[in-house]
Amino acid sequence: MVCLGQSPANYTQYCAFFRLRANFRGNITMKHKESLYPNHKNVIEKLEMPLSFSLAGKHSPKTHPEGTEDANFRRINSEVYYATDSIIKLGKRDIEILKENAGSNKRQRSRLCTHRDINDKLHEMFIVHRKNTYVRPHKHLHKSESLHVIEGSAYMIVFDEFGKIVELANISDYSSGHKFYYRMGSPYYHTLFILSDFMVFHETTNGPFKKSDTIFAPWSPKENDKAAIKLFIKKLERSIRCFLSQKGKCSKVGKRLE
């Protein structure tokens, strides 16, 4: 279990609450619960409550207390969190915690989904990628996708069906003077090549989510093939330099791998 965003001062207490809650919500009778916490009805009610938490570290019920600004989310896995509030408000503190989480998980990325679940018609996500994040080239069927950069920079790269770069844009936040937004309405293979230590962006697409709508480029390595990824990235870097220099004929980034 990871107690996300906790300071040393309250880490032990916070984690203990999660362990206690997990045990408490087992198949024991209310009489037994009351015997464990005599005259503490509020404790029982809190332990019985559907779990939600702020990425900034405070446990709370489904609605956050008056005057607080921390958004409440439920954890899906080490990378993905979903909103639980009906009105979502995010601040710098939430993004900083998201960056911390991206830096500590295997795939070097993290996201907050502000839609309720995969069946929503509109999907909005705040996503963080670290510099070494491998975003496998892919395309989306029956969907449009837009991306608005909040922090950091990357190359947004579009490929043809065979892996040759056909479009490339340096995207960054608004103050950089570079492009800060793009929208893709057709199913092109694309990827992000992260240039900064972190890249934070707001992505919007249409739902519901169907795994079969995402098609990975057959000439790109799978995410668990580290050796192939390393080679692919080197080829991609060469292709980027060639495309930017506009000198000669640029080669494809890879051969068909599957």
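None of the figures in this text is laboratory data; all of them are computed from the coordinates on show. None of the values given here were measured: they were computed from a predicted structure.
Per-structure values
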quantity	calculated
DSSP-defined antiparallel bridges as percent of all bridges, region 52-245, nearest 5	90 percent
Among the listed pairs LYS92/LYS252; LYS92/LYS226; LYS139/LYS235; LYS131/LYS235, those beyond 29 Å (Cα-Cα)	LYS92/LYS252; LYS92/LYS226
Rg ratio (alpha-carbon, reference 2.2 N^0.38 Å) - region 142-258	1.10
